[in-house]
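Structure first, then comments.
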Amino acid sequence: MKKVLVVHGPNLDLLGQREQAIYGPATLADINQQLTDLAGENGLTLSFLQSNHEGDIVDAIGRTRADGTAAVLINPAAYTHTSVAIRDAVAAAAIPVVEVHLSNIAAREEFRHKSLIAPVSQGQISGFGPQSYLLGLRAIIALLAA
Ligand code: DQA
């Protein structure tokens, strides 16, 4: 079975409590359950990382070189806009990486308009709430089937 790594960046552990007007009521556990269901229907296994630490995310992406992971689904959260280290890790990855955001980052503050990750990822899905993750996983399913 193909393995997909799902990475949730900083403060996403607070989903469901945090700025609900922007991020909605779903918790990270809710989103992970929906992803697990979709993965199961499509013969994929998921592993999950939520981290508030940039280096942990860099390490997890780096490990995909050796551990047989087939693709990465990532919401880099605030690191989207700041992290050269995560960008470089994505650029170095030998597998597809799909970037997702719950909110529409293009419609928010100017500092959120730029993603350092988008130019080195396979593509970006932004603005559909938890559906962004599911659409991102569907993109990965199609990429891996192609
Ligand atoms: C986010 C958007 C980022 O700008 C923000 O820092 C987040 C969440 C989203 O999913 O909409 O923490 O990645």
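The values are calculated or read from the model by the stated rules, or taken from the named source; none is laboratory data. Since the structure is predicted, the reported quantities are computational estimates derived from the model, not experimental observations. Reconstructed Cβ throughout: ideal geometry from the backbone, glycine too, with neighbour counts over all protein chains shown. With ligands, DNA and RNA removed, areas are computed over all heavy atoms of the protein, side chains included. Shrake-Rupley method; radii C 1.70, N 1.55, O 1.52, S 1.80 Å.
Within the range 1-15, the set of residues being within 16 Å of the chain's Cα centre (by Cα) and among the aliphatic types (A, V, I, L, M) comprises Val4, Leu5, Val6, Val7, Leu12, Leu14, Leu15. Flag set for Val100, criterion: crowded, with 18+ Cβ neighbours inside 10 Å and modelled with pLDDT of 95 or more. As a summary of the residue check, Leu134 satisfies the conditions (1) away from the ligand (no atom under 13 Å from the Cβ); (2) part of a helix (DSSP H, G or I); (3) farther than 26 Å from Gln20 by Cα except for the one numbered (3). Of all the listed residues (Ala60, Ala142, Ala85), the sole one being without any contact (Cβ under 8 Å) to a residue 24 or more places away in the chain and either over 14 Å from the mean Cα position of the chain (by Cα) or away from the ligand (no atom under 15 Å from the Cβ) (or both) is Ala142. Taken together, Leu28, Leu35, Leu12 contain a single residue that is closer than 17 Å to Asn75 by Cα and touching an Asp or Glu at 6+ places or on another chain (Cβ under 7 Å), which is Leu28. The number of residues in the range 16-42 that are without any contact (Cβ under 8 Å) to a residue 40 or more places away in the chain and either under 16 Å from the mean Cα position of the chain (by Cα) or assigned to a helix (DSSP H, G or I) (or both) comes to 11.
Considering Thr80, Thr45, Thr27, the condition of being within 16 Å of the ligand (Cβ to nearest atom), at pLDDT 95 or above and either out of contact with any Gly (no Cβ under 9 Å at 6 or more places or on another chain) or open to solvent by 40 Å² or more (accessible area, probe 1.4 Å) (or both) is satisfied by Thr27 alone.
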